[in-house]
1. Roughly what % of Cα-Cα distances in region 3-76 sit above 21 Å, to the whole percent?
2. Rank 95, 57, 114 by how far each Cα sits towards the positive end of the charge dipole of region 1-131 (+1 on Lys, Arg Cβ; -1 on Asp, Glu Cβ) and give me just the farthest.
3. If you work out Rg and Dmax of the Cα atoms in Å from the coordinates, which of [x] 48.3, 143; [y] 25.0, 79; [z] 18.9, 62 do you get?
4. Residue separation times 0.36 nm, minus the C-alpha to C-alpha distance between residue 198 and residue 11: what's the value?
5. Taking the simple approach of a point 7 Å from Cα along Cα-to-Cβ for both residue 55 and residue 102, what is their distance in nm?
6. Given a 1.4 angstrom probe, I'd like the percentage of the accessible area of region 91-144 that is carbon and sulfur, rounded to a whole number.
7. Report the extension gain between residue 3 and residue 92 in nm, rounded to one decimal, defined as 0.36 nm multiplied by the number of residues separating them, less their alpha carbon distance.
8. Applying a 10 Å radius around every beta-carbon, put 51-59, 85-93, 6-14 in order of their mean neighbour count, most first.
Amino acid sequence: MLIVKILIMGLVLAASAVIVLRTPVNGWGSLLWLVGQFGMGFIRFPFEQENRANVVVESRKTVLEKLLLACVFLGTFLLPVVQLTTGLFGFANVALPPWTVVAGALVLALGLWLFWRSHVDLGRNWSVTLEVREGHTLIEAGVYRRVRHPMYSALFLIFIAQALLISNLVAGPSGVVSMAIIYLFRVRQEEAMMRDRFGERYEQYCSRTGRLIPGGRRRERWGQSAGVRVKGQSHQARKPTEAHRSDSD
């Protein structure tokens with residue numbers, strides 16, 4: 001396992017070096033994208049290490065879940081790396097105006113801050129996949145006070161930045177597209193898991209928060225399904241990650 005990790009790290013560093021050398025071809029946005037990738041890794045690494053000691057009491061990991069995570073890896077990392085190191089998708093190159101690099105940098109900075117803050121506020125409740133840990137708690141403070149899934153919000157910001165920084169119609173928007181796919185499939189499953197765990201308390205939390213931006217249920221549209229009955233009450237069915245919750249990415 002150690003050898004595999006060393007090989008992967010070597011490949012990542014080699015690809016990073018090629019991206020840096022190809023800056024005159026890909027533009028300065030490619031370097032900012034690379035900074036964002038390393039930034040996410042550095043932010044998440046200590047939480048991954050700390051959470052290894054967690055005891056999982058319920059897991060809802062499925063084949064679909066694994067496919068969705070693979071889709072995110074493809075759109076947010078593999079396709080951009082292939083384009084920035086080889087120019088394979090050069091047929092889809094576009095000339096973006098200079099302001100997009102500045103806008104992308106600002107959006108990326110905001111996304112990375114929110115990504116870090118979400119991890120800090122979740123603490124040991126965070127996990128990549130859909131699972132409940134021993135001693136799992138419902139986080140209602142920090143960035144979770146007004147938004148239920150700020151880590152999703154952070155990832156959307158980061159991958160919107162990707163579209164602004166990579167001037168290619170394949171590798172640029174692929175991050176937002178793959179993130180939208182996993183969000184639409186998982187957010188209702190995740191919320192159903194939290195509802196099963198925390199019951200009426202989670203219902204009350206949902207009533208005063210928005211999924212991606214501050215606001216109550218009345219402002220939610222995307223990702224909802226038809227109303228269903230649960231324990232005699234009518235509400236909108238939602239099911240899926242971020243582990244107060246778990247999350248992609």
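1. Working: 1311 of 2701 pairs.
Tail of the P(r) past 21 Å holds 49 percent of the pairs.
2. With unit charges placed on the Cβ atoms, the residue in question is 95.
3. [z]
4. Values: separation 187, 0.36 × 187 = 67.32 nm, distance 4.28 nm.
Computed gain between residue 198 and residue 11 is 63.0 nm.
5. About 5.5 nm, to one decimal.
6. Details: 1830 of 2550 Å².
With neighbouring chains kept in place, the figure for region 91-144 is 72 percent.
7. Working: separation 89, 0.36 × 89 = 32.04 nm, distance 3.66 nm.
Extra length available between residue 3 and residue 92 comes to 28.4 nm.
8. Working: 51-59: 12.3, 85-93: 14.3, 6-14: 10.8.
Sorting 51-59, 85-93, 6-14 by mean packing, highest first, produces 85-93, 51-59, 6-14.
The values are calculated or read from the model by the stated rules, or taken from the named source; none is laboratory data. None of these values were measured; they are calculated from a predicted model. Here Cβ is always computed from backbone atoms with ideal geometry, including for glycine, and neighbour counts include all displayed protein chains. What goes into the accessible areas is simple: the full protein's heavy atoms, side chains included, and nothing from ligands, DNA or RNA. Shrake-Rupley method; radii C 1.70, N 1.55, O 1.52, S 1.80 Å.
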